[in-house]
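Every number in this text was worked out from the coordinates using simple rules, so none of it is lab data. Quick caveat, the model's predicted, so the values are computed rather than measured. Backbone-built Cβ (ideal geometry, glycine too); neighbour counts: all protein chains shown.
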Amino acid sequence: MMAEKLEKATLGAGCFWCVEAVYQNLAGVQSVVSGYAGGHVPNPTYEQVCTGSTGHAEVAQITFDPAVISYAEILDVFWRTHDPTTLNRQGADVGTQYRSVIFYHSDEQRRIAEESKAAADASGAWKNPIVTEIAPLAEFYPAEDYHQNYFRRNPHQPYCQMVVAPKVEKFKLIFSAKLKGDS
């Protein structure tokens, strides 16, 4: 039996707890790791990233099976589960670490991301232009263990109840046909 060929997508759309919680429910996604990318400090800590001085964004690195879900479909979820028109913020989370960003892993991902962004911008879904950055992934640093599977482990935490849970519920309504069987 041939081993499946998995791919990775690295996306920033505000708080990584939200991004992780959404993608964990998507069919074809094998794993989601919260972390940091796009900065200039090696092995940054959460406390360093929170200052906004490292240049990193909070991101989720999504490992997916392209035989089940395409990179373009991964990006469709990305566009529809955050506001890509607000520079360096998502809701009350403000700073460069919360920017909307797609870190591509290959020239093909870059091409698909640029086409996807142009289509999303032209769709009229938002009244303001999309400000999402598209950049090559230089380095991904997994976040500290306590950030991994955060929503699943802390569903009653106030931020999770007020911010993450409504985002996950909206995602499940919009993408009900693409949910994992256990979602």
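Below is a table of values for the structure above.
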{"item": "Two-site FRET efficiency, Gln30 against Val131, from Cβ-Cβ distance with R₀ of 25 Å, rounded to 0.05", "result": "0.25"}
{"item": "Alpha-carbon Rg/Rh ratio, for region 25-65, with Rh computed the Kirkwood way", "result": "1.11"}
{"item": "Estimated FRET transfer efficiency (Glu47, His105; beta-carbon r; R0 25 Å; 0.05)", "result": "0.35"}
{"item": "Proximal lysines to Lys170, defined as alpha-carbon separation beneath 26 angstrom and excluding residues fewer than eight positions away on the same chain", "result": "Lys8, Lys117, Lys127, Lys178, Lys180"}
{"item": "Signed unit charges on C-beta, dipole axis of region 7-177, positive-most listed residue Gly124, Ser70, Ala21", "result": "Gly124"}
{"item": "Where Rh is the Kirkwood radius over Cα pairs, Rg/Rh for region 1-91", "result": "1.01"}
{"item": "Compactness index (Cα Rg / 2.2 N^0.38 Å), the chain", "result": "0.97"}
{"item": "Cα centre as origin, Lys/Arg/Asp/Glu Cβ charges: region 7-177 dipole, Debye", "result": "460 debye"}
